[in-house]
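Taking it in order: structure first as structure tokens, then the write-up.
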Amino acid sequence: MKKYFLVIAAATLVFFSSCNNQTETKKEPDMKEPKLKAESITYSPDGIKDSLVLDGYIAWDENREGKRPVVLVVHEWWGLNDYIKRRVRELAGLGYIAMAVDFYGNGKRADNPTDAGKLSGPFYQDPLMAKQRFDAALKTIKSYKEADTSKIAAIGYCFGGTQVLNMANLGEDLAGVVSFHGGLQVVKPDKSKLKAQVLVCHGGADPFVPADQVAQFRKQMDSVGAKYTFKVYDGATHAFSNPDATANGKKFNLPIAYNAAADSASWNDMKTFFGTIFK
């Protein structure tokens, strides 16, 4: 009987030892918690340095070695605010080096729809002016040693979503672009220029982007054989990704609201998209 218990004890010891060894094998001692580095910078488009100063906000994970893909982030019509900076930090936490792109310059921001419309309007009318601002940011981020300049994407929110779609259609050398609840009246795509793959994250209840605008956009993209994915989030209205949207909608009587489910789903769709274009 004593010998029997000794055998059981030995077998138990071997079992738990085996489990512990398996647990230790799964550990990844070289993996470190993200240590985000974020910095505010200023930069200017080529040729007009004395008259226009743009604000940039850049973040990356200092605990990640080597170069990493680049993601440029274009703001809503309010301008480069804390919401966009948060998105930049979140992208850095995912392993990218990310930069907020300032389209307005000279510290201009809007806190009401009237001013926001005045600031954003010229860029809808003159996409080449928008491209000049975008190119200035692109040149800036490429100078960072952490940037893998062969893997660059851009994302944008509302106004910014329209702008990144325009940048793709104007032929910017990007792996991909993502529009979050952006307008779809964009520069007509040109098959000879369009290099980027496209992901559109669209609110199914967005009154600012009606069905005919969606249909026209898809028709244009199909006509040039563009590689694009169009995601629709049922019940989501304009600005669905921004937690401040509900309060702003009530304050200014705008049909905008935050939608947590659409926010989460679109962010995950973006991550999947990046996993494809950055292979």
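Quick notes on this one:
- A crude spin-label estimate for the pair Val53 and Asp148, with each label 7 Å from Cα along the Cβ direction, gives 3.5 nm.
- Cα shape, region 81-132, gyration tensor, a/c 1.5 rule: oblate
- Efficiency of FRET from Cβ geometry, Asp46 and Ala261, R₀ 45 Å, rounded to 0.05: 0.60
- Using a Gaussian network model of the chain in which every pair of alpha carbons under 10 angstrom is joined by a spring, one finds that among Ser51, Ser264, Ser179 the greatest mean-square fluctuation is at Ser51.
- Cα gyration tensor category, rounded, prolate or oblate, for region 37-93 with a/c compared to 1.5: oblate
- Contact order relative to length of region 130-261, as percent, for alpha carbon pairs under 8 angstrom and 6 or more apart: 18
- Applying 1/(1 + (r/R0)^6) with r as the Cβ-Cβ distance of Lys191 and Asp126 and R0 = 25 angstrom yields a FRET efficiency of 0.60.
- The candidate values were (i) 1.01; (ii) 0.93; (iii) 1.14; the one computed from these coordinates for Rg/Rh (Cα atoms, Kirkwood Rh) carries the label (iii).
- Considering only region 30-277, percent of DSSP beta bridges that pair antiparallel, nearest 5: 30
- 15 Å Cα-Cα reach of Lys231 towards aspartates and glutamates, excluding residues that sit fewer than 8 places from it in its own chain: Asp206, Asp263, Asp269
- Eligible aspartates and glutamates near Lys250 by straight Cα distance, threshold 15 Å, same-chain separation 8 or greater: Asp111
- For region 30-277, the relative contact order is 14 percent, taking Cα pairs closer than 8 Å that sit 6 or more residues apart in sequence and dividing their mean separation by the residue count.
- Rounded to the nearest 10 degrees, the inclination of helix 127-142 to the longest alpha-carbon principal axis of the chain is 30 degrees.
- Angle in degrees between helix 2-26 and the longest Cα principal axis of the chain, rounded to the nearest 10: 20
- Length gained when the stretch Ala247-Asp115 is fully extended (0.36 nm per residue, less Cα-Cα span): 45.7 nm
Taken together, the values in this text are just the output of simple stated rules run on the coordinates, not laboratory data. This structure is a prediction, so every number in the text was calculated from the model and none was measured. Positions of Cβ are generated from backbone atoms using ideal geometry, with glycine treated the same way; all protein chains shown enter the neighbour counts.
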